[in-house]
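Since the structure comes first, as structure tokens, the remarks are kept for the end.
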Number of protein chains: 2
Amino acid sequence: MVLTITEENYLKAIFSLGCSGEGGANNQSIAEKLSINPASVTDMLRRLHEKKFIDYNRADGAKLTKEGLKLTIKTVRKHRLWETFLVEKMNFSWSEVHEVAEQLEHIQSDKLLNELDKMLGYPKFDPHGDPIPDAQGKMPITKAKPLPDIEIGRKVRVVNVADNSPSFLKYLDKQEIGLNNILVVKEIQDFDKSVLVELKGKKEVFLSHEASKKIFVE
Amino acid sequence: MVLTITEENYLKAIFSLGCSGEGGANNQSIAEKLSINPASVTDMLRRLHEKKFIDYNRADGAKLTKEGLKLTIKTVRKHRLWETFLVEKMNFSWSEVHEVAEQLEHIQSDKLLNELDKMLGYPKFDPHGDPIPDAQGKMPITKAKPLPDIEIGRKVRVVNVADNSPSFLKYLDKQEIGLNNILVVKEIQDFDKSVLVELKGKKEVFLSHEASKKIFVE
DNA sequence: TATTAAAATTAGGTTAGTCTAAATTATTGT
DNA sequence: ACAATAATTTAGACTAACCTAATTTTAATA
Ligand SMILES: [Mn+2]
Ligand SMILES: [Mn+2]
Ligand SMILES: [Mn+2]
Ligand SMILES: [Mn+2]
């Protein structure tokens with residue numbers, strides 16, 4: 001049951017593509033997510049299927065098997081715990097952690113993983129508000145909504161961001177929007193769907209539709 | 001200047017073989033250290049030479065170039081800082097850290113490395129008493145001697161162990177010998193060169209010549 | 001010095017993971 | 001229903017890192 005780093009990355013891609021959208025992950029979306037040629041993806045999907053980590057066919061796309069899901073969730077757990085570690089203990093900002101966590105998630109040591117979890121106080125969410133699976137693979141389910149779905153006037157709390165790219169996160173930093181911040185939705189522009197929100201201290205900022213779709217609140 | 005994990009491991013092997021013994025590292029010793037076939041080593045030595053990380057010829061063996069040395073020392077720094085981290089912050093024992101550090105040493109993040117160093121208080125030695133190169137690549141030089149070279153009756157302090165294998169380190173644990181422990185050399189047996197030492201609390205133990213050669217004291 | 005043994009290299013192969021270009025299958029718009 | 005377009009797969013190649021078996025070079029010893 002020992003996966004290569006490459007295999008772990010494919011499984012993770014299939015996992016995250018499978019979360020959004022109900023069907024499996026199709027070749028093209030995996031290729032895009034991993035910046036790899038579709039022909040290479042075909043190859044790897046065949047191998048992952050042979051190893052019983054995924055089911056795959058052209059119509060339904062790739063879906064993790066029970067075994068594949070178990071292994072993938074462990075990788076996700078590692079990724080998110082390491083991100084939390086980097087922010088909580090190593091003075092990283094939320095825009096810096098993802099790249100390093102992409103490396104750290106492949107470290108194999110159950111003891112280290114458990115100690116990390118303990119040191120961080122068994123956190124439930126990572127610095128981007130993503131749920132951290134526990135040692136049994138269970139993770140909390142939240143019913144957060146994207147900002148554009150909120151009625152005008154509601155006061156909400158930012159609980160998750162659906163894009164971990166440094167460019168997006170730095171943009172949020174600049175707008176002074178962070179996890180757990182309280183926002184009030186003031187208005188949504190008709191012509192471009194941009195959202196006007198009030199931050200703490202009465203400060204108001206416009207968020208593009210593009211950006212606001214990726215901000216999840218409760 | 002981006003090395004593969006495999007290249008880093010070869011350079012590290014050449015480095016450590018070059019430290020002991022004045023000449024370079026020969027093919028066979030590298031092959032043994034990495035558990036790799038000599039024919040494969042020939043291959044890799046050629047590639048490392050082409051990339052200007054080593055000088056190599058059959059007579060003198062492999063020697064790191066200035067560039068190669070710089071990169072290798074950084075890997076050693078990472079390895080030893082991570083080992084220190086595991087012991088100081090993650091409740092690992094000195095016999096458990098090496099294997100995990102072999103993985104962690106390949107993580108690429110200058111910020112993480114600096115923060116790690118800072119969090120640990122800029123340590124000078126790792127859990128086995130090996131010197132940790134600083135950010136400039138400088139490391140303290142000590143004049144420790146192996147236990148069999150000490151005169152009878154001298155009181156000394158354990159400052160380094162020259163074998164990081166779990167089996168050796170667990171053996172030392174069992175004998176209650178650890179870093180910084182004070183020992184008195186009571187006698188050296190003629191027939192097998194085993195060493196009788198007195199530990200704190202007057203307890204006395206025999207150490208085989210094999211073991212005592214690997215215990216460095218001051 | 002000639003013979004033998006050890007060390008290193010060469011030759012030829014394998015596997016994982018990638019690529020490009022060409023062929024095949026599906027989907028879609030008219 | 002059919003042509004155009006999009007998605008996927010096949011075919012053929014490449015690189016890094018390894019292997020075994022055979023050969024060559026160097027060292028040791030009789
Ligand atoms: Mn991430
Ligand atoms: Mn995250
Ligand atoms: Mn070590
Ligand atoms: Mn060490």
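Qualifying trypsin sites (Lys or Arg not before Pro) in region A:129-218, where qualification requires a DSSP coil assignment and no more than 14 other C-beta atoms within 10 Å, comprise A:K138, A:K143, A:R154, A:K193, A:K203. Distances between copies at A:D149, taken between label points 7 Å from Cα along the C-beta direction, are 7.1 nm in increasing order.
Would you mind listing the distances between the B:E198 label point and the same position in each other copy? Use 7 Å along Cα-to-C-beta, nm, one decimal, shortest first. Going from nearest to farthest copy, the values are 8.0 nm.
State, in square angstrom and to the nearest 100, the accessible area buried between chains B and A, both chains counted, probe radius 1.4 Å. Each step should come with its number before you reach the end.
Values: alone 12540 and 12520 Å², together 23380 Å².
What B and A bury together is about 1700 Å².
Quick one: Debye curve from the C-alpha atoms of region B:5-64, no solvent, what's log10 I(q)/I(0) at q = 0.23, 0.26 Å⁻¹? Debye curve over Cα of region B:5-64, log10 I(q)/I(0) at q = 0.23, 0.26 Å⁻¹: -0.85, -1.13.
With no solvent and one point per C-alpha, what does the Debye sum give as log10 I(q)/I(0) for region A:31-101 at q = 0.14, 0.17 Å⁻¹? Each listed q maps to, in turn, -0.61, -0.78. Across chain A, Cα pairs under 8 Å and at least six residues apart give a relative contact order of 15 percent.
For the protein assembly as shown, what is the charge dipole size about the Cα centre, in debye to the nearest 20, if Lys and Arg each add +1 at the Cβ and Asp and Glu each add -1 at the Cβ? Before the final figure, lay out the partial values.
Working: 66 positive and 66 negative charges, 95 e Å.
Dipole of the protein assembly as shown, to the nearest 20 debye: 460 debye.
Residues of region B:105-130 whose accessible area (probe 1.4 Å, heavy atoms of protein chains only) drops by at least 20 Å² once all protein chains are present, relative to their chain alone: B:I107, B:Q108, B:S109, B:K111, B:L112, B:E115, B:M119.
The accessible surface of region B:1-101, taken with every protein chain in place and a 1.4 Å probe, is 50 percent carbon and sulfur. Accessible surface of A:Y122, taken over heavy atoms with a 1.4 Å probe and every protein chain present, rounds to 130 Å².
Can you pull out the chymotrypsin sites (Phe, Trp or Tyr not before Pro) in region A:120-207 that DSSP calls coil and that have at most 11 other Cβ atoms within 10 Å?
Working: sites: A:F125, A:F168, A:Y171, A:F191, A:F206; in loops: A:F191.
For chymotrypsin sites (Phe, Trp or Tyr not before Pro) across region A:120-207 that sit outside H, G, I, E and B with at most 11 neighbouring Cβ atoms in 10 Å, the list reads A:F191.
What separates the Cα centres of region B:109-142 and region B:143-197 is a distance of 25 Å.
Across the alpha-carbon atoms of region B:28-184, the computed radius of gyration and Dmax are 17.9, 53 angstrom.
Farthest toward the positive end of the dipole of the protein assembly as shown, out of A:V156, B:L34, A:I5, is the Cα of A:V156, where the dipole comes from beta carbon charges about the Cα centre.
With every protein chain in place and a 1.4 angstrom probe, the accessible-area ranking of A:H79, B:H209, largest first, reads B:H209, A:H79. The distance linking region B:13-76 with region A:80-107 is 33 Å (Cα centroid to Cα centroid, whole angstrom). For chain A, the solvent-accessible area of protein heavy atoms averages 54 Å² per residue (probe radius 1.4 Å; ligands and nucleic acids excluded). Between identical copies, the spacing of A:Q28 label points, each set 7 Å from Cα toward the C-beta atom, reads 6.0 nm from nearest to farthest. Give B:K174/B:K203; A:K78/A:K145; B:K186/B:K213; A:K155/A:K203; A:K124/B:K78; B:K33/B:K66 a once-over and call out the pairs whose C-alpha atoms are over 18 Å from each other. Over 18 Å apart, Cα to Cα: A:K78/A:K145; A:K124/B:K78; B:K33/B:K66.
The values are calculated or read from the model by the stated rules, or taken from the named source; none is laboratory data. Predicted model only: the values in this text are computed from it and were never measured. So basically every Cβ, Gly included, is an ideal-geometry build from the backbone, and we count neighbours across all protein chains shown. All accessible areas refer to the heavy atoms of the entire protein, side chains included, with ligands and DNA or RNA removed. Shrake-Rupley method; radii C 1.70, N 1.55, O 1.52, S 1.80 Å.
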